Ligand SMILES: Cc1cc2nc3c(=O)[nH]c(=O)nc-3n(C[C@H](O)[C@H](O)[C@H](O)COP(=O)(O)OP(=O)(O)OC[C@H]3O[C@@H](n4cnc5c(N)ncnc54)[C@H](O)[C@@H]3O)c2cc1C
């Protein structure tokens, strides 16, 4: 490496999809990069298991949300196949010991099951009233449109909040919800046939030896002339750094910045909420839900059951449950076998089948207490609109932030994280271009 190249090196902190996308774009532009990742694998919240059968079980991100999002460009590059997810056409709700098609509960308020949450937020915002939480906006909106707010409907909305925002309705800010438009993404959900983690691995394979695994970033010393990172394997030097660490990790102060980050960023880190999510995967000895159900929204606990093999036509009785909000926090605190038993019993209850003794094996994937995540996916609490955008500019000509929580219009998604990484890379490339022309 020439002297010129090594002094222009970019350190990328975090090997989730945002960090990988940033590193990839920089490397494509001929920039020397070094990517530092704490785990023994890349992908972060893209994590796939093949232990349950000849189909991927997603332990983190499950779907590509939309057929026009940037993820598709990477799938095409690597020849990866995506499958239209059949479960979205057979959505059921399990509530109070019975199962019904989701349209039966959502019909009074129009198309999609999530529609009321967006409509209530938009309607509140349009009045010009101060920001509030989604629970208050929904109550107000139901009153405005003359809807009777049954306990069942309320529980369903809490479930949607838990899945869509990894939070309770009371924690979600209306103005922040309006900011995230997901403009033009498309409505259908897709699965990556080889699993989400494969996408991360394909990008990492292109990056080659520049990826350092088992490398925990502990301290970031930065100034206008460069960055020194103290990590578990020693020191790393670069001219610039892309900070692609999760919001939960940055908020928790697990990585020390010297000097401290500017006040406006510390305020934004504290003001956003990393969310809370867990997943439970169970392999049963029998099939309790047959071929009628695609996926099942449940209110005990607030979550959604999926059958991971379905898109590949597999019928093995392997099921996964995504849980968010306070129920996720409660279940994460239980001993693992108790949590697995509780959620399986609840599944049996709504299906009207005694499934006790059916669990062959199960796992709780606890993103909340995962030291390299500390959350679920980010949300904006009341009063927090505008905070995501603060991560869009370069800090002192030296640090650039990337990650799902920095995306204003597509937060909390894989494609939003990819876009944030590409944005961070472009910011560095223009800094580099400026540095090349200044004396
Ligand atoms: C349960 C669950 C389900 C989801 N479902 C979907 C879905 O269906 N569709 C969708 O689009 N999105 C989904 N998401 C959200 C999606 O996974 C995230 O938005 C996206 O993966 C975030 O990418 P990221 O690169 O910003 O962060 P991460 O993937 O968290 O990457 C950050 C990286 O930094 C590393 N790191 C942390 N600390 C350190 C340190 N000190 N030193 C070095 N490295 C460190 C981490 O190990 C990690 O690899 C889901 C998320 C969860 C948790």
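The values are calculated or read from the model by the stated rules, or taken from the named source; none is laboratory data. Please read these numbers as outputs of a predicted model, since none were measured by experiment. Glycine gets a Cβ as well: all are built from the backbone with ideal geometry, and neighbour counts include every protein chain shown.
Things to note:
- Residues located in the range 384-414, provided they are within 9 Å of the ligand (Cβ to nearest atom) and over 17 Å from residue 59 (Cα atoms): 402, 403, 404, 405, 406, 407, 410, 411
- Hey, residue 207 at pLDDT 95 or above, near the ligand (Cβ under 10 Å from one of its atoms) and touching a helix residue (DSSP H, G or I) at 6+ places or on another chain (Cβ under 8 Å) or not: no
- Checking residue 230 against (1) under 15 Å from residue 399 (Cα atoms); (2) surrounded by fewer than 21 Cβ atoms within 10 Å (Cβ to Cβ), the condition it does not meet: (1)
- So residue 77, is it at pLDDT 95 or above, loosely packed, with under 14 Cβ neighbours inside 10 Å and not assigned by TED's automatic domain parsing to the domain that holds residue 216: yes
- Scope the range 234-243; condition surrounded by 12 or more Cβ atoms within 10 Å (Cβ to Cβ) and farther than 15 Å from residue 435 by Cβ; matching residues: 236, 237, 242, 243
- Where residue 428 falls short, out of the listed (1) touching a strand residue (DSSP E or B) at 6+ places or on another chain (Cβ under 6 Å); (2) in a helix (DSSP H, G or I); (3) within 16 Å of the ligand (Cβ to nearest atom): (3)
Residues are listed down the side, and each one gets a yes or a no for (1) under 30 Å from residue 359 (Cα atoms); (2) away from the ligand (no atom under 16 Å from the Cβ); (3) touching a strand residue (DSSP E or B) at 6+ places or on another chain (Cβ under 7 Å):
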{"position": "13", "(1), (2), (3)": "no, no, yes"}
{"position": "53", "(1), (2), (3)": "yes, yes, yes"}
{"position": "68", "(1), (2), (3)": "no, no, no"}
{"position": "72", "(1), (2), (3)": "no, no, no"}
{"position": "100", "(1), (2), (3)": "yes, yes, yes"}
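- Flag for residue 63 being more than 9 Å from the ligand (Cβ to nearest atom) and at negative phi: no
- Number of positions in the range 256-282 that are within 12 Å of the ligand (Cβ to nearest atom) and either touching a residue at least 60 places away in the same chain (Cβ under 8 Å) or in the same structural domain as residue 165 (by TED's automatic domain parsing) (or both): 8
- Of the listed requirements (1) surrounded by fewer than 20 Cβ atoms within 10 Å (Cβ to Cβ); (2) more than 21 Å from residue 275 (Cβ to Cβ); (3) within 16 Å of the ligand (Cβ to nearest atom), residue 39 misses just one: (2).
- Matching helices (runs of 4 or more DSSP H) fully within the range 126-216 where at least 1 residues are in contact (Cβ under 8 Å) with a residue 60 or more places away in the chain and over 19 Å from the mean Cα position of the chain (by Cα): 151-165, 174-179, 196-207
- All conditions in (1) in contact with a helix residue (DSSP H, G or I) (Cβ under 7 Å, 6 or more places away or on another chain); (2) closer than 19 Å to residue 302 by Cα; (3) within 16 Å of the ligand (Cβ to nearest atom); (4) modelled with pLDDT of 95 or more hold for residue 134, with the sole exception of (3).
- Taken together, the residues in the range 5-31 that are under 21 Å from residue 229 (Cα atoms) and either free of Cβ contacts under 8 Å to residues at least 40 places away in the same chain or crowded, with 23+ Cβ neighbours inside 10 Å (or both) amount to 18.
- Single residue of the range 173-194 satisfying the filter (within 16 Å of the ligand (Cβ to nearest atom) and crowded, with 24+ Cβ neighbours inside 10 Å) that is farthest from residue 61 (Cα to Cα): 176
- Any chance residue 381 is more than 16 Å from the ligand (Cβ to nearest atom) and under 17 Å from the mean Cα position of the chain (by Cα): yes
- Test for residue 224: is it away from the ligand (no atom under 12 Å from the Cβ) and more than 18 Å from the chain's Cα centre (by Cα): yes
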